[in-house]
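Pasting a structure here, questions to come.
The values are calculated or read from the model by the stated rules, or taken from the named source; none is laboratory data. Predicted model only: the values in this text are computed from it and were never measured. All Cβ positions, even for glycine, are placed from backbone atoms using ideal geometry, and neighbour counts span all protein chains on display. With ligands, DNA and RNA removed, areas are computed over all heavy atoms of the protein, side chains included. Shrake-Rupley method; radii C 1.70, N 1.55, O 1.52, S 1.80 Å.
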Amino acid sequence: MVLLSQTKIATTGKKRVVIIGGGFGGMELAKSLAGTDLQVVLIDKHNFHTFQPLLYQVATTNLEAPSIVAPYRKIFKQQSNFFFRMAEAKKIDTADQTVETSIGLIRYDYLVIATGATTNFYGNEEIAARAISIKSLEDALLLRNTIISNFEKALQVEDEMQLNSLMDFVIVGGGPTGVEIAGALSELKRHVFPKDYRELDFVKMDIHLIQSGGEILKGMSPAASRESLKMLNDLGVRVWLNRRVISYDGFAVKLSTGEQLCTRTLVWAAGVSGLPVEGLSEECMQDSRVKVDEYNKVVGYDNVFAIGDIAAMVTEEMPHGYPMLAQPAIQQGKLLGRNIMRWEAGKEPKPFKYNDMGTMATIGKNHAVADLMVFKKQIRTQGFRAWLIWMFVHLMSLVGFRNRVVVLINWVWKYFTNDAGFGTIIGKPKENIPVERVTEKVLV
């Protein structure tokens with residue numbers, strides 16, 4: 001038995017499948033290879049899986065962080081051919097069939113890149129340095145700490161401009177994440193913050209949602225877009241359409257129309273880009289994603305694959321690849337696991353065919369929109385029924401029975417009491433511009 005580098009993963013003679021990234025796709029692939037005569041090695045810089053669709057609820061104090069994460073070792077504790085290493089993939093050497101990681105080299109027979117996506121600031125370094133994105137648990141906790149810290153600071157200031165900058169929030173991006181954060185903040189404004197911060201006048205709290213196009217939830221039906229806009233307006237969210245954020249100095253948000261908004265907190269939910277690993281040829285890259293064929297095999301390689309957000313499976317119907325959502329990643333992970341076993345058995349693999357199950361977005365209590373595909377029939381619904389469907393789907397999608405129970409209890413408690421209950425600052429908030437400098441700013 002030979003040990004390879006610092007990773008201490010035993011070389012047993014079995015073929016090794018190395019998966020970089022434990023998101024939805026990577027995790028489903030690892031599960032699909034349970035009980036096979038393959039060694040499955042998962043690499044991730046965290047030792048837990050994060051249920052990203054509920055990150056915004058952690059950020060807006062509705063759920064505790066442990067409720068939406070699950071340790072990989074617990075998820076795969078019954079899978080004897082599974083090995084996990086907490087490490088960051090640095091570079092791929094396709095000639096030697098190794099992955100250089102932060103803890104050493106790992107050899108592979110099959111390599112699967114499932115690194116997911118990161119926030120896309122479209123090259124604006126000023127915004128990247130000062131805005132808060134919602135792509136990781138760290139991001140969610142940072143926003144949560146910042147929200148609560150802002151109101152604690154607001155109790156200490158008298159200047160109206162300082163007060164506005166602390167109590168107002170600007171969210172960039174009218175997709176599901178942006179819409180859900182805006183809706184959650186409006187619920188907190190109405191039901192939670194006035195009880196916790198009785199000395200503040202929450203009429204002064206403004207929530208702005210900026211969308212570069214002429215509609216929100218662009219990937220959904222026009223009816224869902226219109227209804228969600230109406231819901232947000234009814235909840236007091238001000239939606240700015242056909243506007244882009246061009247700069248943010250930590251206090252003033254400048255829009256492409258020349259308008260300016262005042263906030264100490266800019267939430268960026270305007271776009272994502274793939275997170276590739278160095279070492280692949282330029283020919284297989286499409287923007288920030290990796291081009292793959294219908295079997296998720298990276299173009300130009302025989303034993304390197306990519307699934308999920310990082311994979312650009314280009315077809316006539318999908319010239320930019322499938323949408324960077326959980327369902328394509330899950331379905332690609334499951335199919336690739338089966339295809340690897342077919343290759344091992346000398347059988348022909350099956351091409352990927354996406355089963356579009358629809359899209360949903362929630363906009364506060366009893367408010368949601370849903371475009372669903374059920375038995376190849378399209379179902380569109382809004383309001384309370386869509387909200388119940390959204391809750392059920394997300395609850396059942398959580399990893400682990402304990403997490404489902406805890407989240408359900410928290411949701412039920414909040415529904416009847418309107419009490420989020422998690423208004424604590426644990427860690428540092430986002431610090432942009434010092435309070436004493438706010439008076440130097442003049443908005444026009």
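Answer yes or no: is there a residue in the range 30-39 that is more than 17 Å from the chain's Cα centre (by Cα), outside any loop (DSSP other than H, G, I, E, B), among the basic types (Lys, Arg) and surrounded by fewer than 19 Cβ atoms within 10 Å (Cβ to Cβ).
Within the range 30-39, one or more residues are more than 17 Å from the chain's Cα centre (by Cα), outside any loop (DSSP other than H, G, I, E, B), among the basic types (Lys, Arg) and surrounded by fewer than 19 Cβ atoms within 10 Å (Cβ to Cβ).
Restricting to the range 372-407, count the residues that are within 23 Å of the chain's Cα centre (by Cα) and either under 21 Å from residue 63 (Cα atoms) or modelled with pLDDT of 90 or more (or both).
Of the residues in the range 372-407, 23 are within 23 Å of the chain's Cα centre (by Cα) and either under 21 Å from residue 63 (Cα atoms) or modelled with pLDDT of 90 or more (or both).
Which residue is nearest to residue 26 (Cα to Cα), if the candidates are limited to the range 319-343 and must be open to solvent by 70 Å² or more (accessible area, probe 1.4 Å) and at pLDDT 95 or above?
Within the range 319-343, the match that is nearest to residue 26 (Cα to Cα) is 334.
Of these, 181, 216, 210, which one is open to solvent by less than 50 Å² (accessible area, probe 1.4 Å), more than 26 Å from residue 414 (Cα to Cα) and touching a Ser or Thr at 6+ places or on another chain (Cβ under 7 Å)?
Sole residue among the options that is open to solvent by less than 50 Å² (accessible area, probe 1.4 Å), more than 26 Å from residue 414 (Cα to Cα) and touching a Ser or Thr at 6+ places or on another chain (Cβ under 7 Å): 216.
Within the range 73-92, track down each residue that is open to solvent by less than 60 Å² (accessible area, probe 1.4 Å) and either over 25 Å from the mean Cα position of the chain (by Cα) or closer than 15 Å to residue 277 by Cα (or both).
Answer for the range 73-92, where residues must be open to solvent by less than 60 Å² (accessible area, probe 1.4 Å) and either over 25 Å from the mean Cα position of the chain (by Cα) or closer than 15 Å to residue 277 by Cα (or both): 79, 81, 82, 87, 89, 92.
Between residues in the range 267-282 that are in contact (Cβ under 8 Å) with a residue 24 or more places away in the chain and residues that are among the aromatic types (Phe, Trp, Tyr) and open to solvent by 30 Å² or more (accessible area, probe 1.4 Å), which pairs lie under 7 Å by C-beta distance while being six or more apart or on different chains?
268/121; 271/122
Among (1) charged (D, E, K, R); (2) modelled with pLDDT of 95 or more; (3) over 15 Å from the mean Cα position of the chain (by Cα), there is one condition residue 139 misses while meeting the rest; what is its number?
Going through (1) charged (D, E, K, R); (2) modelled with pLDDT of 95 or more; (3) over 15 Å from the mean Cα position of the chain (by Cα) one by one, residue 139 breaks only (3).
Identify the residue in the range 244-253 that is surrounded by 16 or more Cβ atoms within 10 Å (Cβ to Cβ) and in contact with a strand residue (DSSP E or B) (Cβ under 6 Å, 6 or more places away or on another chain) and, among all such residues, is farthest from residue 165 (Cα to Cα).
Taking the candidates together, the pick is 245.
Every residue in the range 408-430 that is modelled with pLDDT under 80 and under 23 Å from the mean Cα position of the chain (by Cα), please.
420, 422, 423
Look through 368, 345 and report the one residue that is under 30 Å from residue 17 (Cβ atoms) and free of Cβ contacts under 8 Å to residues at least 24 places away in the same chain.
345
Here's another thing I want to ask about it. Just the residues that are on the phi > 0 side of the Ramachandran plot and of a type in the set (Phe, Trp, Tyr), please, taken from the range 361-387.
Hit for the range 361-387 is 375, nothing else.
Given the conditions (1) open to solvent by 50 Å² or more (accessible area, probe 1.4 Å); (2) assigned to a strand (DSSP E or B); (3) more than 18 Å from residue 110 (Cβ to Cβ), and given that residue 70 satisfies all but one, which numbered condition is not satisfied?
(1)
Select from the range 220-235 the residues that are buried (at least 21 other Cβ atoms within 10 Å of the Cβ) and aliphatic (A, V, I, L, M) and list them in ascending order.
Residues satisfying the conditions are 220, 224, 229, 231, 232.
Right, next: Take the range 122-180 and flag every residue that is aromatic (Phe, Trp, Tyr) and not in a helix (DSSP H, G or I).
Selection gives 122, 169.
Something else about it: Suppose we filter the range 324-349 for residues that are under 28 Å from residue 53 (Cβ atoms) and of a type in the set (Lys, Arg); how many remain?
Selection size over the range 324-349: 2.
Taking the range 251-268, which residues are farther than 17 Å from residue 129 by Cβ and either among the hydrophobic types (A, V, I, L, M, F, W, C) or not in a loop (DSSP other than H, G, I, E, B) (or both)?
255, 260, 261, 262
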